[in-house]
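Before any comments, here is the structure.
The values are calculated or read from the model by the stated rules, or taken from the named source; none is laboratory data. These numbers come from a predicted model, not from an experiment. Note that we place each Cβ from the backbone using ideal geometry, even for glycine, and neighbour counts take in every protein chain shown. Remember, those area values only see protein heavy atoms, side chains included, never the ligands or the DNA or RNA. Shrake-Rupley method; radii C 1.70, N 1.55, O 1.52, S 1.80 Å.
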Amino acid sequence: MGAPDLNEVDFDRIHRWLQRACGAGTPLLLCDAQGGLLQQGSSAADARLAEQLAAQVEAGFAWPFEGGGLAARALGEAGTLLYRPVESATQRIGWLATAVDSGDPGTTAVDALAEAMEDLAVSLGEQARLRSELDGMTEELAERYEELHMVYGVDDHVRHHGHDKRAFELLLRDCARQLEIDVVAYVKPDSGECLWATQLSRPIHNLDLVLVEMRGDLFRFVQATRESLVLNAPDDARRAYVFTDMPYRVLACPVNNGQRVDSMLVLLNHAHKPDFTNGDRRLAEILASQLSNLLHTSTLVARLSSFTEQMAAALVEAVEAKDPYTRGHSERVHHLSMEIGRAVGLDERELEHLFWGSLLHDVGKIGIPDAVLCKPGRLTRDEYAFIMVHPERSYEILRHIEYLKDAVPGARHHQEKWDGTGYPHGLKGERIPLHARIIAVADTYDSITSSRAYRAGRSHEEAMREIERVSGSQLDPAIVAVFRTLCAAEPQWLQRFRIRREGVADSLGQVSGSLQG
């Protein structure tokens, strides 16, 4: 908070109050603590007193005051200068001055003037103090707003961009832009990590070297002290061993990981910019804490995602290990489903649900006896009943996983038919979940083109003819139309999955089939 001053007080109001108390012609001057004129009345008497006082100050007048009442100084034939200090708390911040004619004004008049001047001085001091406090509160509120804006900005950024490393770099870029900082860097030397963004006011030709310096003695100093470091002055003695030959202003904040400092946030500006202030330091520390939380969450999310993918891969592997002829089926259906999902315009959240639903759509087959699942010939009615149970068994396995709750409908209903004759619930038309309708097209295509124990995989063209035949009865015609458009563009997965094509020699088709098995 700055010292109280008298520049913004309502001088006209207090002058009018003095004239009502002591006479309309009473002059009044307001001076700063050194005697410099700040404000004066508009009358000729005020102007004349201002000239006389300026002459006195130029001659060395030092405003002597022993306390209490008014101090006086003779102005010769022009009269007598009367003055008293204006104080805020114990700090002298200015002077009030008036004058009386050279004739005897009378004790009563002087007493009234002294009392009025005392009241005005107290009032001015209180006004200045309150204004100073208000300015301080306004400044602090502005800083708090900036801090809250930064905190909410981080939260909003996470909601829109997620927790991955790219999102973190975008956040640093936004911080550099909003705070107008030349370089904002997150440094974690143990892992060799250094993420940074710039909003350069002037070029930094040796930026790579600057970033290397951050990871060296600067980090070790902050790590050892566990406190924020501010380097503003070019002759700061600490520069000799923490940021050698780097003529920049530096603000470095430690980022705590439990009981140790394993990283730091660095704000760096060119020397022509203003010094980093305590407010800058506090804001940077808040930002460092937010970024630390964000990185910690990002790490947890990455670990959770990795664990989920590994668990899903293990489930798929367990299913496909039961029937070597279907190995790769889940991966292919998953890939085709995602292609269709993107083509129909699913958003990122829906694509995430489709991702897991399509990958795990057959996980229920883990409970089907091998004798049924791997049987090379036609299934009996009872054996087919085991097959019909697998979507519901997929649901039973996956429904306990909260993270997959929105992916389960796709896996549970991918064997429903558009005309309502499918299983497990006989859903019809658009009552079948969209993800299930997408998976159904991908599953049908792969079932036709993949080799089985009892037959070789058929060609892409045969599969498309069969899909067109069952469009509107087994499959959603709108999804079939999207898939038809995708296939017309000759997608790369036709070669990746070694899909046989009509017109290619049978021997090549047999080779393709053996490679799939």
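Values as computed for the structure displayed
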| item | result |
| --- | --- |
| Test result for Gln495, of a type in the set (S, T, N, Q) and either under 20 Å from Ala440 (Cβ atoms) or modelled with pLDDT of 95 or more (or both) | no |
| Criterion (at pLDDT below 80 and within 30 Å of Glu348 (Cβ to Cβ)) met by exactly one of Gly136, Gly162 | Gly162 |
| Single residue of Arg177, Arg215, Arg239 found to be over 25 Å from Thr299 (Cβ atoms), surrounded by 14 or more Cβ atoms within 10 Å (Cβ to Cβ), modelled with pLDDT under 90 and out of contact with any Phe, Trp or Tyr (no Cβ under 9 Å at 6 or more places or on another chain) | Arg239 |
| Pairs where the first residue, in segment 8-27, is among the acidic types (Asp, Glu) and the second is surrounded by 12 or more Cβ atoms within 10 Å (Cβ to Cβ), C-beta under 6 Å, 6+ apart | Glu8/Arg131 |
| Within segment 399-428, considering residues that are assigned to a loop (DSSP other than H, G, I, E, B) and among the aliphatic types (A, V, I, L, M), the one surrounded by the most Cβ atoms within 10 Å (Cβ to Cβ) | Ala407 |
| Residue in segment 278-300 that is touching a Pro at 6+ places or on another chain (Cβ under 7 Å) and more than 18 Å from Arg173 (Cβ to Cβ) present | no |
| Single unsatisfied condition, Ala240 versus (1) outside any loop (DSSP other than H, G, I, E, B); (2) closer than 22 Å to Leu211 by Cβ; (3) under 28 Å from the mean Cα position of the chain (by Cα) | (3) |
| The one condition in (1) open to solvent by 20 Å² or more (accessible area, probe 1.4 Å); (2) in contact (Cβ under 8 Å) with a residue 24 or more places away in the chain; (3) not in a loop (DSSP other than H, G, I, E, B) that Trp356 fails to fulfil | (1) |
| Residue list for segment 218-236, filter: outside any loop (DSSP other than H, G, I, E, B) and open to solvent by 70 Å² or more (accessible area, probe 1.4 Å) | Arg220, Ala224 |
| Tally, over segment 195-207, of residues that are outside any loop (DSSP other than H, G, I, E, B) and within 15 Å of Asn269 (Cα to Cα) | 4 |
| Long-range neighbours under 9 Å by Cβ, at least six apart or interchain, first residue in contact (Cβ under 8 Å) with a residue 60 or more places away in the chain within segment 32-59, second part of a loop (DSSP other than H, G, I, E, B) and surrounded by fewer than 17 Cβ atoms within 10 Å (Cβ to Cβ) | Asp32/Asn7; Gly35/Phe61; Gly35/Ala62 |
| Test set (1) over 25 Å from Arg129 (Cβ atoms); (2) among the hydrophobic types (A, V, I, L, M, F, W, C); (3) over 59 Å from the mean Cα position of the chain (by Cα); (4) modelled with pLDDT under 90 - Leu49 fails condition number | (4) |
| Residues satisfying the stated conditions in segment 256-281, i.e. under 13 Å from Leu179 (Cα atoms) and part of a helix (DSSP H, G or I) | Gly279, Asp280, Arg281 |
| Condition met for Gln40 (under 23 Å from Gln127 (Cα atoms) and open to solvent by 60 Å² or more (accessible area, probe 1.4 Å)) | yes |
| Every residue from segment 271-309 that is open to solvent by 40 Å² or more (accessible area, probe 1.4 Å) and at pLDDT 80 or above | Ala271, His272, Pro274, Asp275, Thr277, Asn278, Asp280, Arg281, Arg282, Glu285 |
| Search result, residues across segment 365-396 that are open to solvent by less than 60 Å² (accessible area, probe 1.4 Å), modelled with pLDDT of 80 or more and in contact with a helix residue (DSSP H, G or I) (Cβ under 6 Å, 6 or more places away or on another chain) | His390, Pro391, Ser394, Tyr395 |
| Residue in segment 41-91 that is farthest from Asp5 (Cα to Cα), counting only those that are in a strand (DSSP E or B) and small (Gly, Ala, Ser) | Ala74 |
| Qualifying positions in segment 180-207 - out of contact with any helix residue (DSSP H, G or I) (no Cβ under 7 Å at 6 or more places or on another chain), open to solvent by 20 Å² or more (accessible area, probe 1.4 Å) and within 22 Å of His272 (Cβ to Cβ) | Glu180, Leu200, Ser201, Arg202, Pro203, His205, Asn206, Leu207 |
| Test: residue in segment 322-341 that is modelled with pLDDT of 75 or more, assigned to a helix (DSSP H, G or I), among the acidic types (Asp, Glu) and under 24 Å from Ala440 (Cβ atoms) | yes |
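For (1) hydrophobic (A, V, I, L, M, F, W, C); (2) at pLDDT below 90, each residue gets a yes or a no:
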{"position": "Ala33", "(1), (2)": "yes, yes"}
{"position": "Gly41", "(1), (2)": "no, yes"}
{"position": "Gly60", "(1), (2)": "no, yes"}
{"position": "Leu82", "(1), (2)": "yes, no"}
{"position": "Arg92", "(1), (2)": "no, yes"}
